[in-house]
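Colleague: Dropping the structure in here first, questions after.
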Amino acid sequence: MTLAPDVATMVRARLRDIPDFPRPGIVFKDISPVLADPASFRAVVDGLALQALASGADILAGIEARGFLLAAAAAYATGRGVVPLRKPGKLPGETLDQSYSLEYGQSSLHVQVDALQAGTKVLIVDDVLATGGTAVAARTLVTRTGAHAAGLAVLLELEFLGGRRRVGDMPVTALLTE
Ligand code: AMP
């Protein structure tokens, strides 16, 4: 597994801007063409997998839904397991939940109370870091299970929205920053 030197270029070439989705005024960053291209998908998964190794994570946590696609592949590539951080009403059994605001609305994330062992190091994975609300909620949720949020790895960071600052001292890595 190696970091493709041109991973940012590959992602930038295939990332699609969808204006006014899901609301007027939001430019939605559609990663579907990146995932559909074999070389780009491999470069992205390898990049995230290397972040998992560098962070010392024992396990990866993917944020619903696009984070699942990336976290699962990177977890497989590194021989680690993966835990889903889900939207309301999806997980059976006892869960912890955390409300948050994101770039285009409000939601909450849920995790099963026994999904993570105390002290486990967790790399949180998502497609886009925008305002950081989702990432902060994910971090809080992981911490509430007793595990340690070792970092956040995303495909794309929208720097102008200031998410990295909001996330605080948790290390953040992005394969492409705009
Ligand atoms: P935020 O909480 O504002 O950092 O938003 C990040 C979450 O919302 C991620 O799970 C993204 O999938 C999604 N998201 C927010 N803004 C965008 C955007 N402009 N394009 C694509 N996804 C976005």
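Quick note: the coordinates plus some simple rules give every number you see, no bench work behind them. Being a predicted model, the structure only gives us computed values, none of them experimental. Reconstructed Cβ throughout: ideal geometry from the backbone, glycine too, with neighbour counts over all protein chains shown.
Colleague: Just for the stretch 164-174: of the residues that are in contact with a strand residue (DSSP E or B) (Cβ under 8 Å, 6 or more places away or on another chain) and of a type outside the set (Val, Ile, Thr), which one is nearest to the ligand (Cβ to nearest atom)?
Modeller: Among them, the one singled out is 164.
Colleague: Let me ask another. Under the condition of being over 19 Å from residue 51 (Cα atoms) and within 16 Å of the ligand (Cβ to nearest atom), which residue from the stretch 140-152 is surrounded by the most Cβ atoms within 10 Å (Cβ to Cβ)?
Modeller: It comes out as 141.
Colleague: Now for a different question. Quick check on my filter: what residues within the stretch 96-115 are over 24 Å from residue 166 (Cα atoms) and surrounded by 19 or more Cβ atoms within 10 Å (Cβ to Cβ)?
Modeller: If the condition is that a residue be over 24 Å from residue 166 (Cα atoms) and surrounded by 19 or more Cβ atoms within 10 Å (Cβ to Cβ), then 115 is the only one that fits.
Colleague: I'd like the residue in the stretch 125-139 that is of a type in the set (Gly, Ala, Ser) and closer than 11 Å to residue 63 by Cα and, out of all such residues, is surrounded by the fewest Cβ atoms within 10 Å (Cβ to Cβ).
Modeller: It comes out as 137.
Colleague: Tell me yes or no: at least one residue of the stretch 100-119 is farther than 20 Å from residue 68 by Cβ and among the aromatic types (Phe, Trp, Tyr).
Modeller: For the stretch 100-119, residues farther than 20 Å from residue 68 by Cβ and among the aromatic types (Phe, Trp, Tyr): absent.
Colleague: Can you tell me which residue is nearest to the chain's Cα centre (by Cα) among those in the stretch 67-78 that are of a type outside the set (Ser, Thr, Tyr) and surrounded by fewer than 21 Cβ atoms within 10 Å (Cβ to Cβ)?
Modeller: Out of the qualifying residues, it is 68.
Colleague: Then there is this: Determine, yes or no, whether residue 57 is under 16 Å from residue 143 (Cβ atoms), out of contact with any helix residue (DSSP H, G or I) (no Cβ under 9 Å at 6 or more places or on another chain) and aliphatic (A, V, I, L, M).
Modeller: No: the conditions fail for residue 57.
Colleague: A follow-up question, please. Only one of 19, 5, 24, 33 is surrounded by fewer than 19 Cβ atoms within 10 Å (Cβ to Cβ), closer than 24 Å to residue 76 by Cβ and without any contact (Cβ under 8 Å) to a residue 12 or more places away in the chain. Can you tell me which?
Modeller: Within the list 19, 5, 24, 33, the selection yields 5.
Colleague: Next up: Can you tell me how many residues in the stretch 47-73 are within 19 Å of residue 120 (Cα to Cα), within 16 Å of the ligand (Cβ to nearest atom), assigned to a helix (DSSP H, G or I) and touching a Gly at 6+ places or on another chain (Cβ under 9 Å)?
Modeller: Residues in the stretch 47-73 being within 19 Å of residue 120 (Cα to Cα), within 16 Å of the ligand (Cβ to nearest atom), assigned to a helix (DSSP H, G or I) and touching a Gly at 6+ places or on another chain (Cβ under 9 Å): 2 in total.
Colleague: Condition check: away from the ligand (no atom under 16 Å from the Cβ), within 17 Å of the chain's Cα centre (by Cα), surrounded by fewer than 18 Cβ atoms within 10 Å (Cβ to Cβ) and without any contact (Cβ under 8 Å) to a residue 40 or more places away in the chain. Does residue 81 satisfy that?
Modeller: For residue 81, the condition - away from the ligand (no atom under 16 Å from the Cβ), within 17 Å of the chain's Cα centre (by Cα), surrounded by fewer than 18 Cβ atoms within 10 Å (Cβ to Cβ) and without any contact (Cβ under 8 Å) to a residue 40 or more places away in the chain - is met.
Colleague: Check the stretch 156-170 and report whether any residue there is within 21 Å of residue 49 (Cβ to Cβ), of a type in the set (D, E, K, R) and crowded, with 17+ Cβ neighbours inside 10 Å.
Modeller: yes
Colleague: Identify all residues within the stretch 110-139 that are in a loop (DSSP other than H, G, I, E, B) and more than 8 Å from the ligand (Cβ to nearest atom); write none if there are none.
Modeller: Those that are in a loop (DSSP other than H, G, I, E, B) and more than 8 Å from the ligand (Cβ to nearest atom): 113, 114, 115, 116, 117, 118, 119, 120.
Colleague: How many residues does the stretch 153-163 hold that are near the ligand (Cβ under 10 Å from one of its atoms) and among the charged types (D, E, K, R)?
Modeller: Of the residues in the stretch 153-163, 1 are near the ligand (Cβ under 10 Å from one of its atoms) and among the charged types (D, E, K, R).
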